[in-house]
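> Here it is, the structure, as structure tokens.
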Amino acid sequence: MTPTPPSPPETSDDDEDDLAAGPPCVMTFNAGDASGAAGLGADVAAMVSVGAHALPVTCGAYARDTADIFEHFAFDEEAIAEQARVILEDVPVQVFKVGFVGSPEAISTIAGIASDYADVPVVAYMPNLSWWDETQIDLYLDAFRELMLPQTTVLVGNHSTLWRWLLPDWTGERSPTARDIAMAAGECGVSYTVVTGVPLPDQFIDNVLASPQAVLASQRFERFEAVFSGAGETLSAALAALLANGTDLAGAFGEALAYLDQCLNGGFRPGMGHVVPDRLFWALPESGESEPVTEEEAQALQVFDMPAHDTKH
């Protein structure tokens, strides 16, 4: 006789409510990055750290180390669309985050998805693309301006990157302000712009949240001596996750910057290249927090020593 499987435990309505009330979901379109410095890995770690569930849509993959990007392999736009639309039919999404997606075709696909979910805010991050072929950069930026920016709620980028992209014919004696850049982005349909790394005297930089009409908030920080990979990804992902949690834009801007500052302060160098932000800085024990290990505990832990990775035949 086939045994009867046990009945599942009974659940109350309260239990169902608890299960349903998980963290908000952010769908992020980005590239895989084996270095862990940027891309989807950075997005997922930052979003989880500030209380959101990431739905990562892989748009391609970098070939890179912690210092340089050597190549990017773009995914077919149909593969991108299938990943996104399948999960969107199952899971409600509070915010879209768009990083580097690799091709004008991918931009068109993602812009179409964002248009179909017009009530979902879009946080778009534009990284420095100077590692890429110049022709490819121009095609990508043109497509992003024409197709993605009209869908974008908040654009995030470094002052130098956004200036050269959105104000290429700037002829003023001074460099453009964050408000100037926000006005240029606003002409493309962007509601708000976060401009990072605005140079200030005495080794300080400013980070500014602006609309085409006004500067809404700004925070300045002392410049770190180290060179980081993935700082912009960290900030934009944290901002998207905080907005998904219901934080107002000005509050999310301030909290995301504070989070990034601590990530950079705890940054580490996993290889021979740049420093990577520690997006899980809060998970490490404070100095002197751990108790000393006794001799008996040390002997017990030896049982779990990993053997050498040697293949034996």
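> Need the C-alpha centroid separation for the range 128-190 versus the range 202-272, integer Å.
Distance between centres, Cα-based: 19 Å.
> Taking the Cβ of Trp132 as the centre, find all other residues whose Cβ is under 13 Å away and add up their charges (Lys, Arg: +1; Asp, Glu: -1).
Details: positive: Arg64; negative: Asp68, Glu71, Asp133, Glu134, Asp138.
Surrounding charge for Trp132 is -4.
> Follow-up question, since we're still on this one. Run the quick spin-label model on Ala67 and Ser175: label points 7 Å from Cα toward the beta carbon, then report their separation in nm to one decimal.
2.5
> Which order do you get for Tyr117, Tyr125 if you rank them by accessible area with a 1.4 Å probe, largest at the top? Write out the running numbers ahead of the final one.
Details: Tyr117 65, Tyr125 30 Å².
From most exposed to least exposed: Tyr117, Tyr125.
> Taking only the C-alpha atoms, wrap a convex hull around the range 118-214 and report its volume per residue in Å³ as a whole number.
Numbers: hull volume 10.7 nm³, N = 97.
Taking only Cα atoms, the range 118-214 has a hull volume of 111 Å³ per residue.
> Round to the nearest 10 and report in Å² the accessible area of Thr171, as given by a 1.4 Å probe over the protein chains' heavy atoms.
About 130 Å², ignoring ligands and nucleic acids.
> Give the residue list of GluC sites (Glu not before Pro) in the range 185-274 that are DSSP loop and have at most 10 other beta-carbon atoms within 10 angstrom.
Numbers: sites: Glu187, Glu222, Glu225, Glu233, Glu255; in loops: Glu225.
For GluC sites (Glu not before Pro) across the range 185-274 that sit outside H, G, I, E and B with at most 10 neighbouring Cβ atoms in 10 Å, the list reads Glu225.
> At a probe radius of 1.4 Å, what is the per-residue accessible area of Trp282, in Å² to the nearest 10?
Per-residue accessible area (Trp282): approximately 140 Å².
> Report the net charge of residues surrounding His159, where surrounding means a beta-carbon distance below 11 angstrom and charges are Lys +1, Arg +1, Asp -1, Glu -1. Intermediate results must be reported in sequence, preceding the final value.
Working: positive: Arg164; negative: Asp180, Asp206.
Neighbourhood net charge equals -1.
> Can you check what the net charge comes to around Pro277, using other residues whose Cβ is under 14 Å from the Cβ of Pro277 (Lys, Arg +1; Asp, Glu -1)?
Once all neighbours under 14 Å are counted, the net charge is -3.
> Positive end of the charge dipole of the range 105-220 (Lys, Arg +1 and Asp, Glu -1 on Cβ, about the Cα centre): tell me which of Ala111, Trp131, Asn158 has its Cα farthest that way.
Asn158
> Loop only per DSSP, at most 15 neighbouring Cβ atoms within 10 Å: give me the trypsin sites (Lys or Arg not before Pro) in the range 170-246, ordered by residue number.
Here the trypsin sites (Lys or Arg not before Pro) that fit, given the DSSP loop and packing criteria, are Arg174, Arg223.
The values are calculated or read from the model by the stated rules, or taken from the named source; none is laboratory data. Quantities reported herein were computed from a predicted structural model and do not represent experimental measurements. Every residue, glycine as well, gets a Cβ built from its backbone with ideal geometry; the counts of neighbours run over all protein chains shown. When the accessible area is computed, the model is the full protein with side chains, heavy atoms only, and any ligands, DNA or RNA have been set aside. Shrake-Rupley method; radii C 1.70, N 1.55, O 1.52, S 1.80 Å.
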